[in-house]
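Here's the structure, in structure tokens; my notes come after.
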Amino acid sequence: MFDDYKGMIQLQQLFKDEYGYSCNDDLRELSNQSFIELEGNGADAMFWINYRGKKYLFKPIKDFECNVWGELLGEKFASILGIPCAKYRAANYMGTLGVLSESILEDDETLILGSEIFQKFLNSQKRDAKETIKDIINNYEFQTTYKIPSEFLTLSLHDQQRYLFNHLNNLNQVKLILKQYKNMDPQAFFDITKHLFDILVFDIFTLQGDRHPNNWGIKEKNQIKRPAEVFDNCTSLGLGYIDISKRLVLFREEYFNAKMLREPERIYHFIHQIEPSFTLSEDNIVEVATRKKDYAAKVLDDLLQKSNPDEQDRINELYTTFNSEIIDKFDDILKEVEDTNDLKMRDEVYFYISNILQMHSLELGDIISKYRRSKLL
Amino acid sequence: MIARETINKNIKEILKHFAEQNCTLDSIHSFILNNLDFILGLENCIRDNLYFIYNGDNLYCVLLAFEDTYYWSLYENEKFSCIISEDKNLNYDYIVEMILHFADAEKIKRISPQITSMNIEQKIHELKKIRLNYDGYHVK
């Protein structure tokens, strides 16, 4: 992606070189240019650039120096694990730093987000034209089939629907829903659910806590469906917190306390604050009101227990690669990403990410070995 | 009683607008038949109140906005559903709400600062004028 542009992509320069357009930080003027389309969806994504027959999305990143690594390293990790992922490059638009990502869509292809899948599923549950969404949610059969907890019924409809999407945002429920999705053929169902399984494992490994139903989807062209690449990994690797700089400082203090006092749980306390939002099942919801879910290692434990032998092999295979090709070679990977984007990871960010990943991988390894041993016995 | 000319005009407008979106005659039929009472009850011409919500090339629904009130008819299996009215206690559509919330985004406010003081009908009209990503969710 943008192979002829070295380092961070300077959009101001690119607009001038490619389209003869001089930026003046007037987004209204920019949005009227023929090569620009604004992205309405998402708080951060800003605009698409039509560049040499392809589309690229510019997304500013808050606390860029910390949070950009989630996207850049996330892509690299996915590539090493063999999981298709959107491509990212660091970019600068008029002093606003962010990432540029290549559209994952081919011509005439549409990305159907998880939220649209959930909404269409809800719509399809209507037994007659007059039935409302509230009727569906209040339907006993619906509640039983989709294991809707009784706490939902005390909430306003708006909150019920929000919580419902969060409740359904897991592999098992999504499988149930996709089975009923319009024109879903068995091969597409297999490919999509296999990919969602990989995303679940990827999120557990990379500590991605923001795989809400607008951050995954399926692609459709002429009614043919296929999995959409992983995208939006900005909040992986323990990043994306509102006050990330403060978190880095706190982590460093706790890390040294843990070493001195020989209390590794102090570090795990940090890691366990990160919960995948796309989980295996609704069993991973800890608390309905706060939408709190199990932490990553716990979801892996649950996943290993409930997976079939093929899925267990896949987890093993991914973990082996994760440990030997990512954790052990983290510095080499980082160097490559730094060189491509002409960036340098700050020391405190390096300390945070490398230690969190290492400790997390150790815990995942323990769970997997424990499971392997119990299977052998 | 609603004037016959208004009804005829509305039906003609619906046929014209839907045909412009390449809707098949059968699907336009389904919209009119499923929503005849609604159409007959309209006192004014709906030409300026009709919007189409797309995801890429896929039509998601037709949106009818009247000041701060809005209705939608979902498009599924080449048919339009009965019109659903927005009611915070009964009905809520994530995609429709998501599109309406585009108007609250900072980036949209930078392009159209006056959007914050607009009613829903005006907001949708304003969003239609902005060049939104045609491969994603947008208004026509």
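Points to keep in mind about this one:
- Partner lysines for A:Lys130 [C-alpha distance under 24 Å; skip if fewer than 8 residues away on the same chain]: A:Lys120, A:Lys182, B:Lys79, B:Lys88
- The separation of region A:26-100 from region B:80-112, counted between C-alpha centres, amounts to 25 Å.
- The modelled label-to-label distance for the pair B:Glu76/B:Gln122, using points 7 Å beyond Cα in the direction of Cβ, is 3.5 nm.
- Full-extension gain in nm, A:Ile242 to A:Thr145, via 0.36 nm per residue minus C-alpha separation: 31.2 nm
- Here B:Asn22 and B:Arg131 are evaluated by their C-beta separation; at R0 = 30 Å the FRET efficiency comes out at 0.90.
- By accessible area with a 1.4 Å probe, ligands and nucleic acids excluded, highest first: order of A:Thr279, A:Thr290: A:Thr290, A:Thr279
- A probe of 1.4 angstrom, applied to the heavy atoms of all protein chains, finds A:Asp313 with accessible area near 100 square angstrom.
- Dividing the mean sequence gap of close Cα pairs (under 8 Å, 6+ apart) by how many residues chain A holds gives a relative contact order of 19 percent.
- Residue-level accessible surface for A:Ser374, protein heavy atoms, 1.4 Å, Å²: 70 Å²
- Local charge for A:Tyr181 was computed over the other residues whose Cβ lies under 9 Å away, with Lys and Arg +1 and Asp and Glu -1, and equals +4.
- The heavy atoms of A:Asp25 present about 80 square angstrom of accessible area, all protein chains included, probe 1.4 Å.
- Heavy-atom accessible area order for A:Thr154, A:Thr340, largest first, 1.4 Å probe: A:Thr154, A:Thr340
- Taking a point 7 Å from the Cα of A:Asp108 along the Cα-to-Cβ direction, none of the residues of region A:175-200 has its backbone N closer than 15 Å to it.
- For the protein assembly as shown, calculated [θ]222 nm from helices alone, where every DSSP H run of n ≥ 4 adds -39500 (n - 2.57): -14500 deg cm²/dmol
- Label zone at A:Asp185, where the point sits 7 Å out along the Cα-to-Cβ direction: region A:220-238 residues whose backbone N lies under 16 Å: A:220-227
- In plain terms, the chain from B:Cys45 to B:Leu33 could stretch by 2.5 nm, reckoned as 0.36 nm per residue minus the Cα-Cα distance.
- Its relative contact order, with pairs defined as Cα atoms under 8 Å and 6+ residues apart, puts chain B at 23 percent.
- Within-11-Å neighbourhood charge of B:Lys16 [Cβ basis; K, R +1; D, E -1]: +1
- Highest-MSF residue in chain B out of B:Glu126, B:Glu20, B:Glu78 [GNM, Cα springs under 10 Å]: B:Glu20
- Selection among B:Ser30, B:Phe52, B:Val62 by position relative to the dipole of region B:1-78 gives B:Ser30 as farthest towards the positive end (Cβ unit charges, Cα centre).
- Our coupling estimate for region A:312-318, obtained by passing each phi through the Karplus curve with A = 6.51, B = -1.76, C = 1.60 and θ = phi - 60°, is 4, 4, 5, 4, 4, 4, 5 Hz, Gly and Pro reported as x.
- Here the protein assembly as shown carries DSSP beta bridges of which approximately 90% are antiparallel, counting only pairs with both residues inside.
- Heavy-atom accessible area, probed at 1.4 angstrom with all protein chains present, ranks B:His29, B:His17 as B:His29, B:His17, highest first.
- The relative contact order of region A:233-377 comes to 27 percent, based on Cα pairs under 8 Å that sit 6 or more residues apart.
- Here the 3J(HN,Hα) profile of region A:185-200, calculated from phi with Karplus coefficients 6.51, -1.76 and 1.60 at θ = phi - 60°, is 7, x, 5, 5, 4, 4, 5, 5, 6, 5, 5, 5, 4, 4, 5, 4 Hz, Gly and Pro shown as x.
- Amide H partners (placed H, <5 Å) of A:Leu97, local residues excluded: A:Ile61
The values are calculated or read from the model by the stated rules, or taken from the named source; none is laboratory data. Note that the coordinates shown come from a computational prediction; the quantities given were computed from them, not determined experimentally. In this analysis, Cβ positions are derived from the backbone assuming ideal geometry, glycine residues included, and neighbour counts consider all displayed protein chains. Ligands, DNA and RNA are stripped out before the accessible areas are found, and what is left, the full protein with its side chains, is counted by its heavy atoms. Shrake-Rupley method; radii C 1.70, N 1.55, O 1.52, S 1.80 Å.
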